[in-house]
Amino acid sequence: MTSKNHDAGFPEVQTITSMWSKAFSTWAKATFVIAGDIEFTYEQVSQAAAQSAHGLRELGVSPGDRVAVWMSNNIEWVVAQAAATLCGAVLVPLNTRLRDADLTPILADSGAKVLITQDNTAEFDYVSVVARMIESGTIPSVETVIVVGEAPKKEPYLSWRDLLSSQPMQFEPQSPDLDDVCYILYTSGTTSAPKGVMLTHRNLNNSRSLAGGLVESDVILVEYPLFAITGCHNCVLAGINVGASLILHARFDPDEAVDLINRYQVTVYGGVSQTLLALTQCESFTPERVASLRYASIFPRRPEYQNAIESCGFEFAATGYGMTETAGPVTWSIELGDGYDHEGPPHTLNRVEIRRDDGSIADVNEVGSIYVFGPQVMRGYFNNPQATREAIGPDGALKTGDVGRLDSQGRLTWVGRSKEVYKSAGFNVAVLEVEEFLRTHPAVAEAAVLPASDPVKGQVGIALVRLNEGSELCEAELIAFARSHIASYKVPARVVFLDEFPKTASGKIRKVELENFVAGT
């Protein structure tokens, strides 16, 4: 099943390959990426991307092959992003918070031929996690692991330095079709298995719409992770459409963010609203130190963040509603005068419908399920036609799994996620996935996870657990077990042990009663 896309309404619809080529030639001498003490111009990124593309080609990467990237925000990430596209490969960004239990099914499903990662950092040992997966034989498609930094001196490892060594600095890029898949981003849905969202070159032209709020002289502080659609698409691809400079922050720290804004005279802030709030509350913040800011790209734009936005002196604060399956925001609002209670109207050619449970169209301001039509709707889920059919109807409508309402001006207000998926620290968490993982602990007989409000992360998971008879396990032990194997945002914030679960006649756990229990704890 494919979405029904159209060209009209997107300015100069083109392939992502063409976007990179135009940016490299138009702004060759301009600063493109700054990360730590390293600064690359567009020309330098172009040369490194060409060398990387040649190196990938020599490793046997052909058009359509998948190249996975598992790194923090650094210059090599952006180079790899460009290189994969230039040689016609499909980029598979991987969440840096994922661990082996999360990564194994994703790498196996994607069939990635090459994995690009980094050596160990002060916080985390990337290579050891990769080594466990390689030695277990659970990711057989991965033929080469490229390591930025020191790589093990054995197969299948190769250092980034050796990948680029002696390669030409020019590369004749592939000429893909607009409907060819360009990126596959894995996201948690309402089932336990991660799903690969196939985004085509046409889908990713949404970046040109987002670039409408940017200008050539903009300096963007990228607090969004590059592995997310908000990073690699909303910031990087939007930025190369106007020749903007990107400041990459590997790990958010509010005091460091203030220093970067002041040092590089940052004009655009890209990050979730919670990070902007933390920035304005840190010790080093003063309005004078962030006076260069003019534009914010944030989510959500709500009344609780109004003071933070005003403290930074933004002229514009862009927000919108979207998801990975829609290649970023399908609605958009830039003007601060539009208010703090909605995500704006749909982009040109996108349409949003609010439907009741019976499929009928909801009234103005009536809350219901959000459906999206338009050129940004994904091609489908990789290797998962059933999930694609469940998500995209015969009419091309994407069932988002979110609920919201449309006002009389056609502006969408996002209300929240459906019950089986919640959003923590900006990431979707499928409760069935976490429940299934918790049951892998030998002491756990049954588990149920419910979301609870959190002032910092938006929502967190509360795990309710029944142990096997005779087993002993404390809250800290189970949380430590989860933290060592799954992404940090999936780890339950609390664990509550129950002697038994309320169940239906068919044996299913009655989560309605558990919701009341959690609310009372």
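Summary of computed values
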item	result
Per-residue [θ]222 nm for the chain (sum of -39500 (n - 2.57) over DSSP H runs n ≥ 4, rounded to 500)	-7500 deg cm²/dmol
Model label zone, residue 356; criterion: amide N under 16 Å from point 7 Å along Cα-to-beta-carbon; scope the stretch 377-409	404-406
Surface/4 estimate of mean projected area, convex hull on alpha-carbon atoms of the stretch 1-139, nm²	10.7
Relative contact order for the chain, counting Cα pairs under 8 Å that sit 6 or more residues apart, in percent	14
D (Stokes-Einstein, µm²/s), Kirkwood Cα radius, the stretch 237-351, 1.567 mPa s at 4 °C	88
log₁₀ of I(q)/I(0) at q = 0.12, 0.14 Å⁻¹ - the stretch 221-297, Debye sum with one point per alpha carbon	-0.29, -0.40
Alpha-carbon centroids, the stretch 251-314 and the stretch 98-119: separation in whole Å	33
Convex hull volume per residue for the chain, taking Cα atoms only, in Å³	156
Whole-Hz ³J(HN,Hα) from phi, Karplus 6.51 cos²θ - 1.76 cosθ + 1.60, for the stretch 488-503, glycine and proline x	4, 6, 8, 5, x, 6, 9, 10, 10, 9, 10, 6, 7, 9, x, 9
Residue 468 paired with residue 161, simple spin-label distance in nm, labels 7 Å along Cα-to-beta-carbon	4.9
Pairs of Cα atoms farther than 15 Å apart, the stretch 84-129, %	49
Length released on extending from residue 169 to residue 477, taking residue separation times 0.36 nm less the Cα-Cα span	105.7 nm
Under the Karplus curve 6.51 cos²θ - 1.76 cosθ + 1.60, θ = phi - 60°, whole-Hz ³J(HN,Hα) for the stretch 63-70, x wherever Gly or Pro sits	x, x, 5, 9, 10, 8, 10, 10
Nonlocal amide H pairs with residue 201, under 5 Å, H built at 1.01 Å	180, 182
With 5 Å bins from 0: P(r) over the stretch 204-252, alpha-carbon pairs, percent	5, 26, 33, 24, 10, 2
Under 5 Å, built H, 5+ apart or other chain: amide partners of residue 118	148
The stretch 462-467 - phi-based ³J(HN,Hα) in whole Hz, Karplus 6.51/-1.76/1.60, Gly and Pro as x	10, 9, 10, 10, 10, 8
Shape call, the stretch 84-199: gyration tensor on alpha carbons, a/c limit 1.5	oblate
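Coordinate-derived values only; no laboratory data. A quick note: this is a predicted structure, and the numbers were derived from the prediction, not measured. Neighbour counts run over all protein chains shown; Cβ positions are idealised from the backbone, glycine included.
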